[in-house]
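I have placed the structure first, in the form of structure tokens, so that the comments after it can refer back to it.
The values are calculated or read from the model by the stated rules, or taken from the named source; none is laboratory data. The structure presented is a predicted model; accordingly, all values stated were derived computationally and were not measured. When we count neighbours, we look across all protein chains shown, and the Cβ atoms used for this are built from the backbone with ideal geometry, even at glycine. Side chains included, ligands, DNA and RNA excluded: accessible areas come from the protein's heavy atoms. Shrake-Rupley method; radii C 1.70, N 1.55, O 1.52, S 1.80 Å.
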Amino acid sequence: MRLNSDSPKSILSKAFKCHSEGNTVSAAKYYQLFIDNDFHDPRVYSNYAVILSQNLNVDKAIFLYKKSIKLFPNHQDAYSNLGNIFQRQGKYIEAKKLLQKSIQLNSNRFEPHLNLGITLRK
């Protein structure tokens, strides 16, 4: 789907509204529209990847997290979320590295610390 008259801000607004209301099918369409039009926002990659991983499209979620890391290397969410996927897949070394990077970027969030502890324990 290509952009019609909607601005990037308008697409984001619609995507976030749908997502917050639990309409993940529509949110995913808006996130994909945003990406297809070569717009970039780390929240889009993260939110869309969460939806994909919940719908068992883990490979595409991993792709989006990796792309987000490449485009936004200082945004911690992609590191943390990708680390969580690798942890669930039993890829503990990769998960550890990603979770540590997430903590390095922002040590104030508890989730990466908790998930790193779980990863180290496994």
### Query
Restricting the search to region 66-78, which residues are open to solvent by less than 20 Å² (accessible area, probe 1.4 Å) and either under 13 Å from Lys101 (Cα atoms) or not in a helix (DSSP H, G or I) (or both)?
Gln76, Ala78
### Task
May I ask you to list the residues in region 105-122 that are surrounded by 12 or more Cβ atoms within 10 Å (Cβ to Cβ), assigned to a helix (DSSP H, G or I) and of a type outside the set (A, V, I, L, M)?
Glu111, Pro112, His113, Asn115, Thr119
### Message
Tell me whether region 53-60 contains one or more residues that are part of a helix (DSSP H, G or I), within 14 Å of the chain's Cα centre (by Cα), surrounded by fewer than 20 Cβ atoms within 10 Å (Cβ to Cβ) and at pLDDT below 95.
### Response
yes
#### Entry: Every residue from region 85-104 that is of a type in the set (Ser, Thr, Tyr), over 17 Å from the mean Cα position of the chain (by Cα) and open to solvent by less than 60 Å² (accessible area, probe 1.4 Å)
none
### Message
Show the residue pairs meeting these rules: Cβ distance below 7 Å; 6+ apart or different chains; first residue within region 103-122 and aliphatic (A, V, I, L, M); second residue outside any helix (DSSP H, G or I) and open to solvent by 100 Å² or more (accessible area, probe 1.4 Å).
### Response
Leu105/Asn74
### Message
So, Phe63, is that one assigned to a helix (DSSP H, G or I), out of contact with any Gly (no Cβ under 6 Å at 6 or more places or on another chain), among the aromatic types (Phe, Trp, Tyr) and without any contact (Cβ under 8 Å) to a residue 12 or more places away in the chain or not?
### Response
yes
### Task
Answer yes or no as to whether Phe34 is among the hydrophobic types (A, V, I, L, M, F, W, C), crowded, with 21+ Cβ neighbours inside 10 Å and touching a residue at least 24 places away in the same chain (Cβ under 8 Å).
yes
### Query
Does region 32-43 include one or more residues that are part of a loop (DSSP other than H, G, I, E, B), closer than 27 Å to Gln104 by Cα and touching a Leu at 6+ places or on another chain (Cβ under 6 Å)?
yes
